[in-house]
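Please treat every number below as a calculation from the coordinates, not as lab data. Being a predicted model, the structure only gives us computed values, none of them experimental. All Cβ positions, glycine included, derive from the backbone under ideal geometry; neighbour counts span all protein chains shown.
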Amino acid sequence: MQALAERFDAKVYGRKWEDFGLTPARENVYPEQYRIICNSARVVIGNDLRQDVDLYFSNRTWISLGCGAFLATRYVPNLEELLPHGERCVHFRDPQEAVAVVEEWLARPDDRERVAAAGHAFAHEEYSYARMCERMLTHPLLST
C-alpha cells in the first residue's frame, strides 16, 4: 500500500495502518460506509494475508464487487478461474505491478466501469448469501 499511497491519492481504512506509515481515513468501517467507499473510489485494492494458497481471498472480495467496486486485487493461484483479469476485476502480483495496474486502469474509465459492472453482476448472481446457502444446502455431500 505504501507504493500506491506514494503514487496516488490513496485512502486506507481499518486499524494498524500506522504500523506501515499510513494514516487511516477511518479505523472502523461498517457495511453502509463500506458501500459508500466502494462506490466513491475509482479503484479498491484487495491485498489479503496469503498469496500462496489456491483461490484464497477474504469475503471482502465478494463484498467489494457486490458493492460495485472496481477491484484491483493481489493475485493468488488460479484466481483467473473465478475472476479473469480484466473481466470482473484486475490482478497484480507485487507492489510495483499494483502501481502499474492502477495507473493503467485509471486512464481507462469506460473499461473500468465495464469491469466493475461485470464484477458486480457476477458477485450478485453467483456469490450472494442466498446463492451460497443454496449451494451449501444442495451440495452432494449433504444428500447422504
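Quick one: if the Förster radius is 30 Å, what FRET efficiency do ARG108 and ASN78 give, using the C-beta to C-beta distance and rounding to 0.05? All intermediate terms of the calculation are to be shown ahead of the outcome.
Working: r = 26 Å, r/R0 = 0.86.
With R0 = 30 Å, the Cβ-Cβ based efficiency is 0.70.
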Long-range HN-HN contacts of ARG26 with modeled amide H, under 5 Å: GLY14
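With r as the distance between the Cβ atoms of HIS85 and HIS124 and R0 = 35 Å, compute the FRET efficiency 1/(1 + (r/R0)^6) and round to 0.05.
Values: r = 21 Å, r/R0 = 0.59.
Computed FRET efficiency for HIS124 and HIS85 comes out at 0.95.
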Rough spin-label spacing in nm, given labels placed 7 Å along Cα→Cβ, for GLU97 and ASP48: 1.6 nm
Where labels lie 7 Å past Cα in the beta-carbon direction, separation of PHE8 and ARG135 in nm: 2.7 nm
The chain: angle of helix 95-106 to the longest principal axis, Cα-based, in degrees nearest 10: 90 degrees
The chain: angle of helix 109-126 to the longest principal axis, Cα-based, in degrees nearest 10: 30 degrees
